[in-house]
Amino acid sequence: MMACLLEAPLRISVLSEVTATSRHYVDRLFDPDPQNVLQGVIDMKNAVIGNNKQKANLIVLGAVPRLLYLLQQSSSSLELRTECAVVLGSLAMGTENNIKSLVDCHIIPALLQGLLCSDLIFIEACLRCLRTVFISPVTPVQLLYTDPTVIPHLMSLLSRSRHTKEYITQIFAHCCKTPEHQTVLFNHSAIQNIAPLLISPSDKVRMQALKCFSVLAYENTQVSMTLVNVLVDGEQLSQVFVRMMQRDKPIEMQLTAAKCLTYMCRAGAIRTDDNCIILKTLPCLVRMCSKERLLEERVEGAETLAYLMEPDVELQRIASFTDHLVSMLADYFKYPSSVSAITDIKRLDHDLKHAHELRQAAFKLYASLGSNDEDIRKKITETENMMDRIVSGLSESSIKVRLAAVRCLHSLSRSVQQLRTSFHDHAVWKPLMKLLQNAPDEVLVMASSTLCNLLLEFSPSKEPILDSGVIELLCSLTQSDSPALRVNGIWALMNMAFQADQKVKVEIVRALGTEQLFRLLSDPDTNVLMKTLGLLRNLLSTRPHIDQIMSSHGKQIMQAVTLILEGEHSIEVKEQTLCILANIADGNTAKELIMTNDDMLQKIKYYMGHSNVKLQLAATFCISNLIWNEEDDSP
Amino acid sequence: MSGPSSGCGFLMSVVVHGDLALNEQEKDLNQRLRRLYPAVNEEETPLPRSWSPKDKFSYIGLSQNNLRVHYKGHGKTPKDAASVRATHPIPAACGVYYFEVKIISKGRDGYVKYMGIGLSAQGVNMNRLPGWDKHSYGYHGDDGHSFCSSGTGQPYGPTFTTGDVIGCCVNLINNTCFYTKNGHSLGIAFTDLPPNLYPTVGLQTPGEVVDANFGQHPFVFDIEDYMREWRTKIQAQIDRFPIGEREGEWQAMIQKMVASYLVHHSYCATAEVFAKSTDQAVHEELASIKNRQKIQKLVLSGRMGEAIETTQQLYPSLLELNPDLLFMLKVRQFIEMVNGTDSEVRCLGGRSPKSQDSYPGSPRLFNSPVHKANVITDHLHFLLSPGFDSNYCNGVSSSKGHTLAHSHKSCPRTMPSPELGVLNGSRGQQTNVGAEVEMEVDHFSNGVFLCSKRQLCGGSQAAIERMIQFGRELQSMSEHLRRERGKNSANKKMLKDAFSLLAYSDPWISPVGYQLDSIRREPVCSTLNSAILETHNLPKQPPLALAVGQAAQCLSLMARTGSGSCAFASVDDYLH
C-alpha cells in the first residue's frame, strides 16, 4: 500500500505516455493502406507480449472489435488475418478481465468461423487463441456446443498438425464438463480420433489427449466400455495408460492416467482384481498421496483413490497396508504447518488455500478405506488424534470439510467396537447433533445416517442423544421431501424404540403423531415403509407396552395393518406386517383386537396357507401368540 | 587332440546337458542382474546369488541350489531360532537392491510361526532371527512387526504366511529399506542402514520352508519401476546441480575445455573458429597444430611409413629418444602392410597411395588369385623359425580358442613344441565348431572365392615379400631393444599379436583380425600425438578427457565408499 502511494505520481505520467502509444497502435488499425495495417498489427503484437498493462489499454481503446473485423474480412490478406489472430491470442493470455472482454466482443464465433479457412497457419493461430480463451474459468464452456457443426469440424482438423492436435485436445479436455458434453464428443468419434495421439512424439499432445480420456470416461459407462476395446498401435488402451503411470513419467501424466483407469474401473469396464488396477493404479494413487507430492496432487490423488476403492473391500484392504497410507493421511491435517506460518508468508498463503481441500480429501479417503473392514476402521481410529480431527471437522466452516468429516464418521460408525469405545469417549454425538440442526440436505443425509448407528441399542451414546431432544428433530426429518432423509429419520426412530423405556416410546408416538405415522405407512418409498413397520414393531414389544399403545391407537393400527395386508406389497413388507400382528397378539388386552376381528383372523388363516414360507411362518407365529395368551390366561 | 583333453570336454558337455534347466536359469539370472544393476563391477563386489552354506546356523538346511531354506531344529524357544545369510553383501553400486522370498510352508501346526526376512551384517549371530541384534533388521510374519536391531518390534505391515511372496528392497542412496507383500509396497521399514548388509532369512518353526529369488525369476513387485523413479531423481539432481554465482566463469571454463580438446586433436580449422568466436587465445602455434594434424591424418589413414618419416622430419629427436614409441609405430606399420594400406606395400601393389581409399572395409581393386594358405604358411614358417618364441602359436597372448584351433591345423610341422600340444588340447577342444567350419570354408574358398575378399598386403607378391622383410627387421629391432633396455612384455605381446595375423589365410576374419580394424589406429595416433605435445610442454591429455576420466573414477570411488547414487549416474549417459 505504502509503496503504491509513493510511486503513484510517477505511475500517472508513465500511464499517460503508455495510453498515448496504445492509442497510436489502435489508430494504425484504421489506416487506409492495408500494408500499413499489417505492419501496425505486427508492431502491436510485439508491443503486447508479456505486457499486461498494454493489453488492458488496447482492450479499453477498442482494439478488439477492429482486430476481429480485420480477421473476419475475406478481403484481408491471409497474413493480416493470421497476425490478428495472434494478437488476440496474446491479449487472451493476460488477465481474466481480458478474457471477459474478448468473450463479450464475440471472439469465439469469429474464431470458430475462421477455422473454416483452408490455410493451416491461420487455423493454428485461431485455435491457439480459442484454446487460451476456453481454458479460462471465466469462459462459459457451453459456447463450444452452441453451433452443432463445430465439434465435427474440430474433429476433422485434429490430425492436421502437431499444434492442431495440442490445441483441440486441450479445448476438449477443458470443455467436457457434463454427461451431455461427453455424449456429444463421443458421438463425434472423439475416442477413435484422440486415441492415436496417446503415442504422439509430443509430450504436450500426449498429455492433453490423456486428459481428454479422463474427462470423457468419468462416470460414463458407454465411454468406458468403448475404451477397453480400443487398440493404439496394436496395444490395449489400458496398457498404454499403465505405461503412462511409470514412475519416471511426469507426475501429472501418472495421476491423469490413474484417473482414466479408475473411471474405467468404476464404470465396470475393468475388473477391480485386474492387475492394472491392483498392481498399478492403486499403488500409483497411493504414491500421489505422499508428502513428496504437491498439495494439489495429494488432494486429487486421495480423492481418486477414495473413489476407486469405495465399492471393493479387497482394494480397501490392499490400500490400507500400502506405503503406510493410513498414517500418511494424518499428515493432510497439518496444514498450514507451524513452520510455514513463521518463515514464509507465501508458503503460508499456499498452505491455507489448500488446507481445507487436503482435510476433506483425507476424510473422504478414510471414509472409503473404512467402509467395510473392521480391522481397517480400528487402524484409522488409532491414527494420531483421529477422533479429535473428525470432531473438529464436523464444525468447520467449509461445507466440503464438514460433509467429508461426517462421511468419515459414518463409515467408522459401522463398527460396533468403535461405537462402544472411541465414539463415546470423544462424544462425537455432540457435534453431530449440532450439525443436524442446520445443514444442507447432503450433509443431513450423512449425519442422520450416522445418527442411526449411534442410536443402536448397544451404543453408549444413545442415552445422551435421547436426552438432547433428538426425537423432535428426527420426526421433522420424516417429513422431508428427500426419501433418503425420511428413511434416515424413521430408521433412527426405529433404532431408538428398540427395547426402549415406555417413556421413550410414548414420547416417540406423541412427537411423531399417528397421522404422520400413517402417512409414512403409505410412503411411495419401500425403504420408508419398511422402517416405519420396523418402528411399529419395536414400539409394540413387551406386553405392557403393547397393551398400552393398542389401547390408545389400536383402531388406527389395525386399520393400517389391514390396509397393507390387502395392498400390493412385497413379501418383506407383508412379513413385517404379520410380525406386527404377532406382537399385537402377544398383548393381554390387545389380542382382543384381533380375536374380535373376523376379517383379520381370515387374513391370518390365508397367510398360513400362503406359498411363501416366510409368510407362513409369520402367520403361524401370530396364531401361536394368540393361543399362548389364552392358555396363559386360563386358570 | 590328446586323450585326456577330449575326455575333459566330454565330461563338461555331460554336466551341461544334465542340468540344462539350471543352465537356463543361470543365464536368466545373469541377464536380469546385469539389467538391474549395470553399475556393479562384479569382480570387485559380487552380487548375492544364493544363500551361503557356510554362513548359517546348523538348524538351517539348504537345497535347490541353495535357494530353498528349511528349518530342522526343535523350534521350542527363541533359542532355537536360526538364520542364513546370502553369499555376498549387497554392493552399493546397485543403487537400489531387491530380493524376494516366497513362503512355501509356514511350518507345523501348534507352533507360533516365527519367521523373519531381512538384512544383517557379517558376523551377526545366526542363532537368532533377523532384527533382534545390532546391525540386523527383519520383518516378521507372525505379527507383521518390523525389528530394527531390537528384541521388540514395531507395528509395520500385515502378517504373512504360506503362499505369500515377501520382497525386501534396500535403497542404497538414502539407506532405507522397505518390504513388499505380493507385489504391494508396505512403505519404509528402516532408515539409516549401515553399508554391506547381507540378505538374511530366519526361521524358528519345524517344517518352515522358504524359497529365495535373487533374480532367478521375474519379481512379483515391479522393482524396475521403482528404480526408474530413482534414476530420474538422481539425473534431475545432476541436471539441477547449482553452479551458483560463477555462471560466467563456468561457461568460460567449458569453452576453454572445448577449445583445448579441439587443439589437442588438431581440429585446426574448428579450433581456430571456436577460439575466435569465444574470444580465447590458443596456446599453440597454428603451424604446430597443422603439423600434428598432418601426422595424425597419416596414422589414421594407415600410412604409417609416411607418418614415421614425417614425424622424424618435423620432430627429429622425438622417436630417437623414444624407442618404444618408434617400435609401436613400426608394429603398426607392419599391421598396415598386412592390411595393404601402408604406403610401402601400396607402391608395390602398383597403386598410388594418394588415390587409394584407405578404409580397410572398402573393396580392393587388385585381385591376383595367389595367396593360398600354404603360401602364407610358408612365409609364416620362414618368418618365425629363427629364434622365435615357441610359445607363439599357443596363442597365449590372444588366448582365444580360435587361435589354437587354427594354428593347430595350419602349422603343425612348424610348431613341434610339446607345450603346444598340451595347450591345444585343453583349450582347443572347447573351442567350438565354429573354428572348424571356418577352416573348411577356407578350403573351398582357396583361389576361388578369395578373389572377392581382402587380400594380404593388397594382393601383390612383391608387397608380401616386402612385408616379410619388414617383419624380420621388426624382429631384430625387438631383439635389439631387449638387449638395450631389458624385457618389455608390452612390446613382446604387441609383436606377437601382429605376427599372428600371418597364421591365417584370411587375417581379417581371424581372431586376431581386430588389429586390422581402422579403429585400432586411434590409440596409436593419440599416443604419438601425446608424445609430440609433451615435447612442447603441453598436456599429453586434453582437460576434457581428463575430466571425463575423473568423473568415471569418482563413480567407481563412490561405489567403493557406499554411495548408491553412482548406480544412476553413468558418465556414458552424458557423453552421447
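Tabulated data
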quantity	calculated
Estimated translational D of segment A:552-628 in µm²/s (Stokes, Kirkwood radius over Cα pairs; 37 °C; 0.692 mPa s)	270 µm²/s
Length added when fully stretched, B:ILE243-B:THR561, from 0.36 nm per residue minus Cα-Cα	112.0 nm
Amide N proximity, segment A:288-308 versus B:THR232 label position 7 Å along Cα-to-Cβ, cut-off under 20 Å	A:288-305
Alpha-carbon centroids, segment B:466-502 and segment A:139-190: separation in whole Å	78 Å
Anchor A:LYS605: lysines whose Cα lies under 18 Å away (excluding residues fewer than 8 positions away in-chain)	A:LYS574, A:LYS591, A:LYS614
Segment A:379-492: C-alpha gyration tensor shape, a/c 1.5 cut-off, then a/b vs b/c	oblate
Distance-filtered residues of segment B:143-174 - backbone nitrogen under 19 Å, label point 7 angstrom along A:ASP273 Cα→Cβ	B:161-165
Segment A:253-352: relative contact order as a whole-number percent, Cα under 8 Å and 6+ apart	23 percent
Options A:SER77, A:ILE121, B:SER260, ranked by Cα towards positive dipole end of the protein assembly as shown, top entry (Cβ charges)	B:SER260
Pairs of alpha carbons in the protein assembly as shown whose separation is greater than 60 Å (percent)	42 percent
Shape category assigned to chain A from the gyration tensor of Cα positions, a/c cut at 1.5	prolate
Separation of alpha-carbon centers, segment A:397-454 and segment B:318-341, rounded to whole Å	91 Å
Extension reserve of the B:TYR111-B:SER288 stretch, reckoned as 0.36 nm per residue once the Cα distance is removed	55.2 nm
Trypsin sites (Lys or Arg not before Pro) within segment B:67-96: DSSP coil, no more than 11 neighbouring Cβ in 10 Å	B:LYS76
Sequence of B:GLU272, A:GLU515 once ranked by neighbouring C-beta atoms within 10 Å, starting from the fewest	A:GLU515, B:GLU272
Equivalent ellipsoid dimensions for segment B:16-91 as semi-axes, Å, which come from the Cα gyration tensor, largest first	29, 18, 9
Computed lengthening from A:ASP31 to A:TRP628, 0.36 nm per intervening residue step minus Cα-Cα distance	204.2 nm
Computed over segment A:340-419: relative contact order in percent, which uses C-alpha pairs under 8 Å that are six or more apart	35 percent
Selection from B:CYS168, A:PRO196, B:SER63 lying farthest towards where the dipole of the protein assembly as shown points positive, charges on Cβ	B:SER63
Order of B:GLU245, A:GLU457 - criterion: other Cβ atoms within 10 Å of each residue's Cβ, fewest first	B:GLU245, A:GLU457
Computed FRET value (nearest 0.05) for B:LYS79 with B:LEU314, which takes r as the C-beta separation and R₀ as 60 Å	0.15
Inter-label distance for B:GLN255 and B:GLU522, nm, one decimal - labels placed 7 Å from Cα along Cα-to-Cβ	2.9 nm
Theoretical FRET efficiency, 1/(1+(r/R0)^6), r = Cβ-Cβ of A:GLU384 and B:GLU272, R0 56 Å, to 0.05	0.20
Relative exposure of B:TYR137, B:TYR198, B:TYR59, judged by other C-beta atoms within 10 Å (fewest first)	B:TYR59, B:TYR198, B:TYR137
Chain A, relative contact order in percent, only Cα pairs under 8 angstrom and at least six apart counted	5 percent
Set of lysines near B:LYS256 by C-alpha distance (under 18 Å), chain-local residues within fewer than 8 positions excluded	B:LYS276, B:LYS540
Part-to-part distance (alpha-carbon centres) for segment B:81-109 and segment A:47-76, which is given in Å	70 Å
Positive-end residue, the protein assembly as shown charge dipole about Cα centroid, Cβ charges, pick of B:LEU538, A:LEU419, B:PHE470	B:PHE470
Estimated FRET transfer efficiency (A:ASN588, A:GLN556; beta-carbon r; R0 30 Å; 0.05)	0.90
Label-point gap, in nm, between A:ALA20 and B:SER570 - each point 7 angstrom along Cα→Cβ	6.5 nm
Shape category assigned to segment A:52-158 from the gyration tensor of Cα positions, a/c cut at 1.5	oblate
Cα-projected label distance for B:ALA545 with A:LEU78, points at 7 Å along beta-carbon direction, nm	5.5 nm
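Just so you know, all these numbers are worked out from the coordinates, no wet-lab data involved. Treat the numbers as computed from the prediction; the structure is a model and nothing was measured. In this analysis, Cβ positions are derived from the backbone assuming ideal geometry, glycine residues included, and neighbour counts consider all displayed protein chains.
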